[in-house]
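Student: Pasting a structure below so you can have a look.
The values are calculated or read from the model by the stated rules, or taken from the named source; none is laboratory data. Everything quoted here is computed from the prediction, not taken from an experiment. Every residue, glycine among them, receives a Cβ derived from its backbone with ideal geometry; neighbour counts consider all protein chains shown. To get the accessible areas, we keep the full protein, side chains included, count just its heavy atoms, and leave off ligands, DNA and RNA. Shrake-Rupley method; radii C 1.70, N 1.55, O 1.52, S 1.80 Å.
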Amino acid sequence: MRIVSQRRFGGPEVLETVQAPRPVPGRREVLLRLGATAVNPVDCKLRAGRVKFLGDPPFTLGFDVSGTVVEAGADVTGTGPGDNVFGMIHSRTGTYSEFVTARADLLVPHPPGLDHMTAAAVPTAALTAWQALEAADPKPGETVLVHAAAGGVGHFAVQFAERRGAHVIGTARAGNHRFVRSIGAAVVIDYTTTDFTEAIDRVDVVLDLVGGEYGRRSLRVLRDDGRYITVQESDAHGDPRYRMVTGKPSTTVLTEIGAAVAQGQVRVYVDRVLPMNEVRESHRLSETGRVRGKLALTPWS
Ligand SMILES: NC(=O)c1ccc[n+]([C@@H]2O[C@H](COP(=O)([O-])OP(=O)(O)OC[C@H]3O[C@@H](n4cnc5c(N)ncnc54)[C@H](OP(=O)(O)O)[C@@H]3O)[C@@H](O)[C@H]2O)c1
């Protein structure tokens with residue numbers, strides 16, 4: 001089978017398609033034929049060696065998967081060949097691969113009507129947005145400021161916050177304002193022309209999907225009893241309102257989100273779908289920081 005692998009850390013050019021033996025699922029695992037995977041910014045950081053939690057190369061990137069079960073391990077119950085499933089998995093063998101092994105208990109069945117590209121775009125971004133909002137726990141009527149509202153995590157966060165009854169303010173460049181409003185933001189600030197700290201009054205929650213120096217600046221517009229939630233290192237670290245969230249697999253939440261997506265209650269915006277032959281281009285696009293919603297990768301054409 002074909003996989004994307006890399007022999008060293010570096011730019012998108014280190015990503016290579018190579019042949020590897022088709023894996024055999026363990027007792028509690030399934031073997032999936034890839035339907036689609038998604039690119040997350042962390043993939044680029046791992047590729048470049050800016051974060052190293054996968055260890056040294058060679059490894060295969062990719063955490064999000066949607067695929068069809070072709071084989072189930074001896075102890076797997078509840079799913080079998082032919083089922084379409086999706087989920088978030090963390091391993092050095094990744095999801096940029098024609099076949100993927102995954103723990104069956106990390107996957108959920110597709111609700112009727114969900115396609116692979118949409119399903120693959122959901123897990124990491126939506127679970128992170130959901131868990132960040134759980135940590136913030138906005139009450140109906142509270143104001144939530146979402147930085148990078150047009151991105152993968154951001155576009156889910158705007159929708160989940162609005163569904164909780166929050167008044168949502170997003171930051172995005174002008175070309176994304178109509179989009180961010182269409183998914184539930186009441187106000188959108190063009191951060192390229194306007195200093196958000198001067199454009200808004202105190203908010204109850206900040207979801208900081210940018211990090212860095214956005215931290216302290218965000219604290220300036222946060223109420224004294226507000227919650228600042230980041231998914232990125234930021235200079236707000238040390239403030240009592242600061243909390244860092246890392247997206248984790250949850251089949252319960254993913255099932256709920258999948259159902260909402262399939263019923264049209266939550267929109268998944270897939271900016272581009274590229275075949276795995278163009279994986280290098282997908283990383284270049286991700287690293288522009290300008291992707292709206294998600295990038296999906298389908299098997300080699
Ligand atoms: N800790 C975790 O578990 C976890 C999980 C997922 C993601 N993350 C991290 O969270 C960050 C966001 O992830 P993502 O998947 O949402 O990224 P993404 O989809 O690549 O984000 C792209 C979006 O960011 C917006 N953007 C870029 N710079 C901005 C700025 N200064 N202010 C406002 N918006 C800005 C862009 O919108 P415009 O074109 O409108 O500027 C674009 O739509 C990444 O650093 C990622 O690594 C962490």
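Student: Restricting to region 12-48, name every residue that is closer than 23 Å to R290 by Cβ, open to solvent by less than 20 Å² (accessible area, probe 1.4 Å) and of a type outside the set (S, T, N, Q).
Tutor: Matches in region 12-48: P12, V14, L15, A36, A38, V39, D43, C44, L46, R47.
Student: State which residue pairs qualify: first residue in contact (Cβ under 8 Å) with a residue 24 or more places away in the chain and of a type in the set (S, T, Y) and inside region 29-50, second residue open to solvent by less than 20 Å² (accessible area, probe 1.4 Å) and part of a helix (DSSP H, G or I) in any location, beta carbons under 8 Å apart, and separation of 6 or more residues or different chains.
Tutor: From region 29-50, the pairs are T37/A120.
Student: Does A166 satisfy the criteria of being over 24 Å from E233 (Cα atoms), among the hydrophobic types (A, V, I, L, M, F, W, C) and open to solvent by 60 Å² or more (accessible area, probe 1.4 Å)?
Tutor: When the stated conditions are applied, A166 does not pass them.
Student: Mind listing just one residue for me: the one in region 77-110 that is part of a loop (DSSP other than H, G, I, E, B), open to solvent by less than 20 Å² (accessible area, probe 1.4 Å) and in contact (Cβ under 8 Å) with a residue 12 or more places away in the chain and, of those, farthest from P299 (Cα to Cα)?
Tutor: The residue in question is I89.
Student: Suppose we filter region 111-139 for residues that are on the phi < 0 side of the Ramachandran plot and either in a loop (DSSP other than H, G, I, E, B) or free of Cβ contacts under 8 Å to residues at least 24 places away in the same chain (or both); how many remain?
Tutor: Adding up the residues that qualify gives 9.
Student: Considering each of V180, V158, V153 in turn, give the residue that is in a helix (DSSP H, G or I), open to solvent by 20 Å² or more (accessible area, probe 1.4 Å) and within 16 Å of A125 (Cβ to Cβ).
Tutor: Testing whether each residue is in a helix (DSSP H, G or I), open to solvent by 20 Å² or more (accessible area, probe 1.4 Å) and within 16 Å of A125 (Cβ to Cβ) leaves just V153.
Rundown of residues vs (1) in contact with a strand residue (DSSP E or B) (Cβ under 7 Å, 6 or more places away or on another chain); (2) under 21 Å from V253 (Cβ atoms), yes/no style:
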residue	(1), (2)
A38	yes, yes
G55	no, no
A72	yes, no
T77	no, no
R92	yes, no
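Student: In addition: Can you list residue pairs whose Cβ atoms sit under 9 Å apart, with the first residue in region 163-177 being in the same structural domain as A148 (by TED's automatic domain parsing) and within 17 Å of A148 (Cβ to Cβ) and the second being aromatic (F, W, Y) and within 8 Å of the ligand (Cβ to nearest atom)? Count only pairs 6 or more apart in sequence or on different chains.
Tutor: T171/Y191; T171/Y214; A172/Y191; R173/Y191
Student: Could you tell me whether T60 is without any contact (Cβ under 8 Å) to a residue 60 or more places away in the chain and among the polar types (S, T, N, Q)?
Tutor: Judged against the criteria, T60 is a match.
Student: Residue by residue through region 128-149, note down the ones that are open to solvent by less than 10 Å² (accessible area, probe 1.4 Å) and within 8 Å of the ligand (Cβ to nearest atom).
Tutor: H147, A149, listed by residue number.
Student: Residues that are open to solvent by 60 Å² or more (accessible area, probe 1.4 Å), more than 11 Å from the ligand (Cβ to nearest atom) and modelled with pLDDT of 95 or more: which strands (runs of 3 or more DSSP E) entirely in region 210-301 hold 1 or more of them?
Tutor: Answer list for region 210-301: 222-230, 242-244, 270-275.
Student: Name, by its number, the condition in (1) touching a strand residue (DSSP E or B) at 6+ places or on another chain (Cβ under 7 Å); (2) away from the ligand (no atom under 11 Å from the Cβ); (3) open to solvent by 30 Å² or more (accessible area, probe 1.4 Å) that does not hold for V205.
Tutor: (3)
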